[in-house]
Ligand SMILES: NC(=O)c1ccc[n+]([C@@H]2O[C@H](COP(=O)([O-])OP(=O)(O)OC[C@H]3O[C@@H](n4cnc5c(N)ncnc54)[C@H](OP(=O)(O)O)[C@@H]3O)[C@@H](O)[C@H]2O)c1
């Protein structure tokens, strides 16, 4: 249990900060007493304190002083100033985890202007329902066990993979942007169902359950999607006719290009930091 008795600090109690605190507490990976969170918004802190029973403060320095692992969950635009503000309270006894999209490890390490154990993490929006797909990359001074600590934290809101930092833009293109692609696919299924005469309510509930069920099948059987697709496509049947139409319009190629474009955009935004 890498998190047992670990003091965890979260800077920023917004969407991600709260999802993470909820995951840690609800999965019992951490006890509320071991978690402290800071934010500039007192009303958010009050809500989070009342909901999860954790400690809260308006001082980021307090979070660092009282924690062994600190998750920086603030917007990328302001994260540099928060790295600089908190640097004096950090040393090699503490682990820093940044979830800021597009903020690279060299950028983070440079902002602290001293040796710090850094881990960069890219979760996705499904952290809200504890089904995030999260990638984790190790910084220059991170220790072996630090990856395991980060995995334990983010496994409380979904599943994690470990990647080299130079693949983080590709991660952003796939799992960071992927939920938007999937929502768009669900929307298209609904429109198709309605076009063919189903009521909107019926189409939406069938479309969502279909995507959820297919994902769960891929997850539980661990079979390649092509094998599963082959299994449900009988010769001359309905699925084969539908699939042929998708391919006629370059479905897979379009999705590949969507991931590529999202990856390129992530690289571009990262350069502006
Ligand atoms: N949301 C996602 O799906 C997602 C996915 C992957 C990665 N991320 C990354 O996660 C990070 C957080 O995103 P989010 O969506 O959770 O943002 P958010 O909802 O805006 O949360 C950030 C919180 O930090 C507060 N804050 C602002 N300045 C602060 C300061 N100086 N000290 C302490 N707290 C401060 C903000 O208050 P104000 O509202 O007053 O500014 C807000 O409550 C971002 O870097 C983002 O790139 C998010």
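Please report the antiparallel percentage of DSSP beta bridges with both residues in region 118-249, rounded to the nearest 5.
Numbers: 4 of 9 bridges.
Roughly 45 percent of the beta bridges in region 118-249 run antiparallel, per DSSP.
Once you have the Kirkwood Rh of region 8-168 from its Cα pairs, apply Stokes-Einstein at 25 °C and 0.890 mPa s and quote D in µm²/s.
Values: Rh = 15.3 Å.
Translational diffusion coefficient: 160 µm²/s.
Run through every distinct alpha carbon pair of region 74-136 and return the Kirkwood hydrodynamic radius in angstroms, one decimal place. Write down the numbers at each step before the final one.
Working: mean 1/r = 0.0803 Å⁻¹.
Hydrodynamic radius (Kirkwood, Cα only) of region 74-136 equals 12.5 Å.
Can you give me the pair-distance distribution of the chain, C-alpha pairs, 5 Å bins, whole percents?
Cα pair-distance distribution for the chain, in percent: 1, 5, 11, 15, 16, 14, 11, 9, 7, 5, 3, 2, 0, 0.
Output the antiparallel fraction of DSSP beta bridges having both residues in the chain, as a percent to the nearest 5. Could you put the intermediate results ahead of the total?
Working: 4 of 28 bridges.
Of all bridge pairs located within the chain, approximately 15 percent are antiparallel.
Restricted to Cα positions, what overall size does region 84-233 have along the principal axes? Three whole-Å values, descending.
64, 31, 24
Explain nothing, just the number: relative contact order of the chain, from Cα pairs under 8 Å at least 6 residues apart, as a whole percent.
For the chain, the relative contact order is 15 percent.
If packing is taken as the mean number of other Cβ atoms within 10 Å per residue, what is the order of 114-126, 214-226, highest first?
Values: 114-126: 22.0, 214-226: 10.8.
Ranked by mean Cβ neighbours within 10 Å, highest first: 114-126, 214-226.
Limiting things to C-alpha atoms, what are the Rg and the maximum Cα-Cα separation (Dmax) for region 145-273, in angstroms?
Taking only Cα atoms of region 145-273, I get Rg and Dmax of 18.0, 56 Å.
Please give the peptides 135-142, 58-65 ranked by average Cβ packing (other Cβ atoms within 10 Å per residue), highest first, as a rough proxy for protection. If you can, show how the numbers build up before the last one.
Values: 135-142: 20.2, 58-65: 17.1.
Packing proxy ranking, top to bottom: 135-142, 58-65.
In degrees between 0 and 90, to the nearest 10, how far off the longest principal axis of the chain does helix 238-248 point, with axes built from Cα atoms?
Compared with the principal axis, the helix lies near 70 degrees.
Can you order the peptides 25-33, 95-103, 169-177 by their average number of other Cβ atoms within 10 Å per residue, highest first? The partial results should precede the final answer.
Values: 25-33: 15.2, 95-103: 23.9, 169-177: 21.6.
Going by the mean number of other Cβ atoms within 10 Å, highest first, we get 95-103, 169-177, 25-33.
Between residue 215 and residue 191, what is 0.36 nm times their sequence separation minus the Cα-Cα distance? Round to one decimal in nm. Write out the running numbers ahead of the final one.
Values: separation 24, 0.36 × 24 = 8.64 nm, distance 2.05 nm.
That pair, residue 215 and residue 191, stretches by 6.6 nm at full extension.
Pairing the Cα long axis of helix 144-155 with the longest principal axis of the chain, what angle in degrees results, from 0 to 90 and rounded to the nearest 10?
Tilt of helix 144-155: around 60 degrees.
What Kirkwood hydrodynamic radius, in Å, does region 182-237 give when the mean of 1/r is taken over all pairs of distinct Cα atoms and then inverted? Show your work: numbers first, answer last.
Values: mean 1/r = 0.0806 Å⁻¹.
In region 182-237 this quantity evaluates to 12.4 Å.
Can you give me the C-alpha center-to-center distance between region 1-76 and region 162-240, rounded to a whole angstrom?
What the calculation gives is 34 Å, centre to centre.
How far apart, in nanometres, would the label points at residue 51 and residue 91 be if each is projected 7 angstrom from Cα along the Cα-to-Cβ direction?
3.6
Fully extended, how many nm does the chain gain between residue 167 and residue 41 (0.36 nm per residue separation, minus their Cα-Cα distance)?
Working: separation 126, 0.36 × 126 = 45.36 nm, distance 3.40 nm.
Fully extending the segment from residue 167 to residue 41 adds 42.0 nm.
Helix 76-86 against the longest principal axis of the chain: what's the angle in degrees, Cα atoms only, rounded to the nearest 10?
20
If each of residue 114 and residue 77 carries a label point 7 Å out from its Cα toward its Cβ, how far apart are those two points in nm?
Between residue 114 and residue 77, the simple spin-label model gives 3.0 nm.
Once both labels are modelled 7 Å past Cα along the beta-carbon direction, what's the residue 26-residue 261 spacing in nm?
With each label placed 7 Å out from Cα toward Cβ, I get 3.3 nm.
FYI, it's all coordinate maths here, none of it is from the lab. All figures in this text were calculated on a predicted structure; none of them were measured in a lab. Counting neighbours? That spans all protein chains shown, and the Cβs are built from the backbone with ideal geometry, glycine included.
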